[in-house]
Amino acid sequence: MLENLRLSFQSIWAHKMRSFLTMLGIIIGIASIIAIVSTIKGTNDELKNKLIGSGNNTVDIVLKENGYATSFSSSSDLPYGVPQVSDSVREQILALDTVESVTCYTKRSYVDVYYLNESFSDPTVIGIDTSYFSTAGYTIRCGRAFVEADYTEFRTVVIIDSSLADEYFPNEDPVGKTIEISGTPLTIVGVVTETDTYEASINSLEDYYNYQEDDPIRLFIPSAVWPILYCFDEPENVIVKATSTDDMENAGAKTEDILNAAISSSQTDVKYDAENLVTQAEQLDTLTSSTNIQLLWIASISLLVGGIGVMNIMMVSVTERTSEVGLKKAIGARKGAILGQFLTESVVLTSIGGALGVGAGIGMAYIINRISGVAVAISVPASVIAVIFSMLIGIIFGLMPSMKAANLDPIEALRRE
C-alpha cells in the first residue's frame, strides 16, 4: 500500500500540469458545493439566532380561544376554568431542563394613553412581574426597573420602551413625567430597550406584510397595578427562555402542557398555545430548499465532468505505461497488484483535488460574505464528506482504467516497447 502511494505521488509529480488540469474539475465541483452549503448553513444559523426568539431564545405561550389570542374588555368576558399562573405551576416550568427562566404577563392593545393633551398612537400596555425584562430580553436605558415595593404597595408607576420615548419625548427626559392610561395617572420611572433585535429586510410587498406589525410602542406596568386600571385580574400569558435555540421547541411544548393541565378539564375552547418558531423557520427553509437542491445538482455536474477527466487521464497513463505493466506482470505481479497501483493513483489524484476544492470552497464562501453580506458558516462534516466523495469518484472513474491495466497481456505489453 505504501509503495502504491509512493508511486502515485511520483507519477502525479512527474506530470504536474496534466495532473492539476485533471483535478481542476474536482476542485471546481467540490469548491462550489462547499460554498453553497456554507451559505445555506450560515443563512439557517442566522435565522435561528435572530428570527427565532429575537436572538434570546424566548418562546411566547399565549392563551387562545378557538385558535385566537384572547382579549377581555370586562370581567364577564373571562373564560371559566382558567386560573392565574400559580407559584407551583411556575416552579414546575422552571424545573424543566430546557427552561432557563419564566415570566408571566397580561397584555392589552389599542388603549387610551395620553401625555398632557397628546394621545399615543396604538400603544400596547403590558402587566409584568419582576422577571419579565430579564427573560424577554430588555435592558434599562434610563431610570430604573420595577422594585418589589412597586408590587406590594401598588404604586401607579410605568416603564416605557425606547421607541415611545424617542417619539414622544425626543428632547426631554421622560423619567418623572406623568402619563394617563385608561384614565389613571401613572409616573414614568424608566425606559427600556430590547437587548437583541432583528432588523427585517423589506424587499417586497410580501416582506412588508410579514413584518409591518413588528414594532408597536409598549408601556409596562406592575402586574399588581393591572386591576387598578382595568378593575379585574385576567388570565396570564407566559414567556419562557430556553437554555438554547435548539431547545426552544421542547421548552415551549412542555410549558404549554403544564399550563393546559391547570385549566379545568371541562374547558375545551380555551387553551395555551406555544409559538412554534422553530417549525416556522423550518417551513421558511423548505420554501428555498428546491432552489438549493438545484444549485447543488448544478455544482455536482462539474464533479461528473471532473470524474470523466480522471478516467480519461488514467486511460492515457495506462497506455503510456503499458510496457511497465507488462514487465511487472512478466516478473510475477498479480492482477490485484496492478489494479491496486492504478486505483490508488486515481484515488490520490481525486483526494488531492477534493482537499484543494474544500479550501477553495471555504475561500469562495468568505468572498461571497464580503461582497454580498450573506452569512456563511463552514460545515466540518460537509468538508469531510466532500473529501470522501472525491475519493469515491477516484475509485468509480479509476476502476475501468485500472482493470484495463490489470488485464493487459504481458507478452503483448512487452511487445509494444
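The values are calculated or read from the model by the stated rules, or taken from the named source; none is laboratory data. Source: prediction; values computed, not measured. Neighbour counts run over all protein chains shown; Cβ positions are idealised from the backbone, glycine included. With ligands, DNA and RNA removed, areas are computed over all heavy atoms of the protein, side chains included. Shrake-Rupley method; radii C 1.70, N 1.55, O 1.52, S 1.80 Å.
Using a probe of 1.4 Å, the accessible surface attributed to SER266 totals some 70 Å² when neighbouring protein chains are kept in position.
Within segment 101-141, the chymotrypsin sites (Phe, Trp or Tyr not before Pro) that combine a DSSP coil assignment with at most 16 other C-beta atoms in a 10 angstrom radius are TYR110. Distance check, please: which entries in LYS328/LYS404; LYS41/LYS254; LYS64/LYS107; LYS64/LYS254 exceed 20 angstrom between their Cα atoms? Over 20 Å Cα-Cα: LYS41/LYS254.
With protein chains left intact and a 1.4 Å probe, residues in segment 61-167 average 52 Å² of accessible area per residue. In terms of packing, defined here as the mean over residues of other Cβ atoms within 10 angstrom, the peptides 246-259, 13-26 line up highest first as 246-259, 13-26.
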